[in-house]
Amino acid sequence: MVSQTRIRGMRVIMTLLASLVYVLFSHSVFRSPLLSHGQDNCTKSEVQIAPEGPTMEFFPPVEVANIAVVHIIETRFMQHQPRLIHLGMALLEQFKALCLPTIQNQTNSNFLWFIRTDPDLDPILRTELLRLVQNNKHFVVIASLTSYTVLDREEGQGFRESLDFTASDVWTGNYALVKKYHSLAQSRIMINTRLDADDGLHVRFVEHMQKEAMKDLGEDSLAWRWWCTMSAIEWQYNSPWDPPSRSGCLVAPEPNQFCVTPGLTKAYGSKVVSRDVPNYGHTRIHRKLPRCRNATNVDGETDHCLAQMPAAIAPYTIRGRTATSAGMRHVFLDSGKLEENSTIDVDALRGAQEGLRSLVLEHFTIEEKQLARTRSHLIQNLRQITEEAIQGQCRGTHSCKPTATDKLERILTSTTGGTSNVNNASVPERQNSSVNAEDGARNKTTAPSQ
């Protein structure tokens, strides 16, 4: 007779083998091929589709009781644009090159990254998005049309006041960890950071922003302040020289007249509710709030003010400038030349590329080879991307600028060799908007306009 010990041993072995088969099968499901560079017509049969409902992921229990702040980074992806596949794939290429590595490599991992996407997102886009971010307990993909950083609800509730999604809305991520962070938010400093899908943050951004919030807010449970930067490194998919660079062009930070969107951050004490913190758009916040006190502004405010981001992480952010950019501001529309009114010194810009590439690798962990792949995808699918970018204008809280549509029309005309087949009549009116003509309502407070 076979001994009981041997039987138990065989059962253990069979269990391990079954687990191994499950893991290998699950891994193969999500290693779907990306839409190929230069492929014009992509069908759903060409990729493996992620299953409906939450993704099965197993995370060990995490102890977070000792964190001093609750920090939420929030990114919106294809909200109100779920079926624009070429636009979505172009954004995913930029997400992979410019955004994802900067969050994956943060020196402080005590944060949650909420990636909110349209519940009706096309399965092709859903599959690729989940493939890129799965198996990281701090990354949470949520089927949602709302946002904590773009307050489109009248009550203006933030993460502290309202956990506005359930486990069934989470496509990937550790919902138990989300609930722990939500519980801790009731008694901790709360930080909200905005990051668009085609932008990136300095890899020490989280580390220094949390230190700054703890230092500036201290024990004052009623204190709050905003942080922003008025400059960012730009990655242009076009370069203003011939032959064009395979990896596009990096442009050194130059001061804007207003705050840029990547990294726009607010922090507030444990007794503050989100609606009590003014929520102005990035082009207006510098005019609406007083400056915070610092070494060069000794007469500034100590609370309820706008602060410059910590000098230790300058340059703070990087942003993509392509045909997918919401407001099309500063985008190089053509390769080999600049706009007639441009003041950029092309020779100086070209000479700065090596240093800028080293800088973005060191401070953002962004690799030139990935930028080259992204540019290749954008150039080879430019007509379809641009057509869908025009169709996506004005939807939900997306930018609604005639100047942006005009620039997109110019790109489209250059790709077709004649007039475009997408005209202004195809651009929908803004949906669910209550924007005030004078200074904007809450629905558009931080909606992208660049």
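The values are calculated or read from the model by the stated rules, or taken from the named source; none is laboratory data. In this text, all values refer to a predicted model and were calculated from it rather than measured experimentally. Note: ideal-geometry Cβ built from the backbone for every residue, glycine included; neighbour counts use all protein chains shown. The area values use the complete protein model at the heavy-atom level, side chains included, leaving out ligands, DNA and RNA. Shrake-Rupley method; radii C 1.70, N 1.55, O 1.52, S 1.80 Å.
Overview of results
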{"item": "Some residue of the range 317-339 being free of Cβ contacts under 8 Å to residues at least 40 places away in the same chain and not aromatic (Phe, Trp, Tyr)", "result": "yes"}
{"item": "Strands (runs of 3 or more DSSP E) completely within the range 104-184 that count 3 or more residues being within 16 Å of the chain's Cα centre (by Cα) and closer than 21 Å to MET78 by Cα", "result": "112-117, 139-143"}
{"item": "Of residues in the range 276-293 being among the basic types (Lys, Arg) and not in a strand (DSSP E or B), the one least open to solvent (accessible area, probe 1.4 Å)", "result": "ARG284"}
{"item": "Residue match in the range 248-262 (condition: closer than 18 Å to PRO101 by Cβ and at pLDDT 95 or above)", "result": "yes"}
{"item": "Test result for LEU98, assigned to a helix (DSSP H, G or I), out of contact with any helix residue (DSSP H, G or I) (no Cβ under 6 Å at 6 or more places or on another chain), more than 18 Å from TYR237 (Cβ to Cβ) and at pLDDT 95 or above", "result": "no"}
{"item": "The lone exception for PRO310 - which of (1) open to solvent by 40 Å² or more (accessible area, probe 1.4 Å); (2) in contact with an Asp or Glu (Cβ under 9 Å, 6 or more places away or on another chain); (3) at pLDDT below 90 it fails", "result": "(1)"}
{"item": "Long-range neighbours under 8 Å by Cβ, at least six apart or interchain, first residue at positive phi within the range 165-180, second at pLDDT below 95 and open to solvent by 60 Å² or more (accessible area, probe 1.4 Å)", "result": "GLY173/LYS137"}
{"item": "Residues located in the range 185-208, provided they are in a loop (DSSP other than H, G, I, E, B) and over 17 Å from SER274 (Cα atoms)", "result": "LEU195, ASP196, ALA197, ASP198, HIS202, VAL203, ARG204"}
{"item": "Single residue of the range 230-257 satisfying the filter (open to solvent by less than 50 Å² (accessible area, probe 1.4 Å), in contact with a strand residue (DSSP E or B) (Cβ under 6 Å, 6 or more places away or on another chain) and assigned to a loop (DSSP other than H, G, I, E, B)) that is farthest from SER376 (Cα to Cα)", "result": "ALA232"}
{"item": "Residue in the range 294-307 that is least open to solvent (accessible area, probe 1.4 Å), counting only those that are of a type in the set (S, T, N, Q) and more than 17 Å from CYS259 (Cβ to Cβ)", "result": "THR302"}
{"item": "The range 319-357, residues that are of a type in the set (Val, Ile, Thr) and open to solvent by 30 Å² or more (accessible area, probe 1.4 Å)", "result": "THR343, ILE344, VAL346"}
{"item": "Close pairs (6 angstrom Cβ cut-off, 6 or more residues apart or separate chains): farther than 20 Å from ILE189 by Cβ in the range 101-123, modelled with pLDDT of 95 or more and open to solvent by 60 Å² or more (accessible area, probe 1.4 Å) anywhere", "result": "ASP122/ARG83"}
